[in-house]
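Encoded as structure tokens, the structure appears first; notes follow it.
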Amino acid sequence: MAVNVGIIGFGTVGAGTAEVLIRNRDLIKKRIGEEIKIKRIADLDIERDRGVPIDRSILTKDAMEIIEDPDIHIVAELIGGTTTAKELIISAMQKGKHVVTANKALLAEHGKEIYESARRYGVWLGFEASVAGGIPIIGVLKKGLAANKICSVLGILNGTSNYILTRMKKQGLTYKEVVSEAVQLGIAEDPPTLDVDGTDAAHKLAIIVALMVGFPVDYRDIYKEGITEITPDDIRFSDEFGYTIKLLAIARHHENRVEARVHPAMIPKESILANVDEVFNAIYVEGDFVGPNLYYGLGAGRKPTGSAVASDIISLARYIIGGQSHLTSPLGFNCAPDEALRIQPMEELKSRYYFRVSAVDRPGVLSSISGILGKHGISIESVIQKGRRKKENDSVPIVMLTHEAVERDVRRAISEIDKLDVVKDKTVVIRVLTLPRLKPWDSRFNEG
Ligand code: HSE
């Protein structure tokens, strides 16, 4: 018996999915024992050649032809967006079809409804392609590390931002210069707003956190900050302090709360994550038994994302062929999880910080600034003033690293500092991350 698939959306991801299922058809058949057949593909544009060897008679403009077809077992929703896509997914589930999607925004915004529909209609929902494209992180969290409490995840989840920061660092260019070059090269969208303001990474982190805790998390509860304010000066100063700036998605599972945040972070420049450059994604996961795991690969693109969608289709095909009766729930938790866990408000975060204050170069300025920091309980680890004024009232950067401080205190202190007459511009604040330096014989993972 062939397993029949309907693909809704024949854009980049739909074409990549169809291509891998067709080109690797024999290999996949050898792996699962039966053929996976693409029965129909729906798209509003069925004229354009997508470079995939398909029989054109399977193309339709009407997605309902797929949803209504009783012979189709699996529907792949690959149109994106949160309105029509949601309706199509729920209609397909109502018809008893398993659904595969790459739609991170939909799961981050309406995950609760989608996961509940899957449960209600007794179908499976695959979403491997929704986070980090070709890196099979959903399978890792749901299956590979299923025995572990997932203690923390640190991810470079947005390739566009990583590309921009890499170019700024390697070529000393400004944010604007790199973005216009990246748009011209087709590496970044025009404009790349959702990539550079942290939204895309927050969508992906919401999905990861849901898998860590077992219940849907609204991405709007996740603090996000983008990379648009980072300057070549900040990149150079962090390098002098021994750090590299990356846009990080961070989740940490504490006793009764979860940290979930996306922002530029300074990480030690010799760490592996600091050396994940260009458009690559990487995800560091720490489980309570497995210890540290690191995954690296392409987070976007037709082939890697097509590979991820196809992996869900293959898992489902195995389930259908095997006549299994037990479906894994979308988030991999079959009993009610601990919904009392809360997302920690950002103000409660404890972190080290980098500040770049633009202040007039005059005796006493540093002591006014450090006085305010001291009043708010913020202790300075090191401070450097870069350069000397050229003219009276010119500002110079005063750069500081702090010891661990509380975000609430930092915000209050910075708002006071920015009101000083001698401070000429908004102070730049970047959080500094200390990464665990684990050795294979780390006693936490080898005791007993
Ligand atoms: N636009 C995303 C990125 C890829 O730049 O990583 C799709 O999620």
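The values are calculated or read from the model by the stated rules, or taken from the named source; none is laboratory data. On a predicted model such as this, the values are computed, not experimentally measured, just so you know. FYI the Cβ positions are ideal-geometry reconstructions off the backbone, even for glycines, and counts take in every protein chain you see. To get the accessible areas, we keep the full protein, side chains included, count just its heavy atoms, and leave off ligands, DNA and RNA. Shrake-Rupley method; radii C 1.70, N 1.55, O 1.52, S 1.80 Å.
For the modelled label position 7 Å from the Cα of Asp221 along Cα-to-Cβ, which residues of segment 273-307 have backbone nitrogen atoms closer than 19 Å? What the label zone holds, given the 19 Å backbone N cut-off, is no residue at all. Separation of the alpha carbons by more than 31 angstrom is noted, of Lys350/Lys386; Lys29/Lys112; Lys169/Lys424; Lys30/Lys86; Lys204/Lys424; Lys142/Lys169, for Lys29/Lys112; Lys30/Lys86; Lys204/Lys424; Lys142/Lys169. Modelled spin labels at Thr228 and Ser325, positioned 7 Å past Cα toward Cβ, are 5.5 nm from each other.
Taking the average, over residues, of other Cβ atoms within 10 Å as the packing measure, peptides 376-385, 243-252 rank 243-252, 376-385 from highest down.
At the residue level, Thr101 shows approximately 0 square angstrom of accessible surface with a 1.4 angstrom probe and all protein chains present.
Magnitude of the charge dipole for the chain, about its Cα centre and with charges confined to Cβ atoms of Lys, Arg (+1) and Asp, Glu (-1), is about 720 debye.
For the pair Asn334 and Lys269 in one chain, pulling the backbone fully straight at 0.36 nm per residue adds 19.3 nm over the alpha carbon distance. Based on protein heavy atoms only, segment 217-342 ends up with 44 Å² per residue of surface accessible to a 1.4 Å probe. Taking 17 Å as the cut-off, the amide N atoms of segment 248-271 that come nearer than this to a point 7 Å along the Cα-to-beta-carbon line of Asp288 belong to 252-259. What share of the DSSP beta bridges in the chain is antiparallel, in percent to the nearest 5? Of the beta bridges lying entirely in the chain, close to 65 percent run antiparallel. Using the Cβ-Cβ distance between Ser379 and Thr174 with R0 set to 45 Å, the FRET efficiency from 1/(1 + (r/R0)^6) comes to roughly 0.90. In this label model, Arg236 and Arg412 are separated by 3.6 nm, measuring between points 7 Å along each Cα→Cβ vector. Can you figure out the FRET efficiency of Glu347 with Gln184, using R₀ = 30 Å and their beta-carbon distance, to the nearest 0.05? Between Glu347 and Gln184 the formula returns 0.15. When the accessible area of segment 137-298 is computed with all protein chains present and a 1.4 Å probe, what percentage of it is carbon and sulfur? Here it works out to 52 percent.
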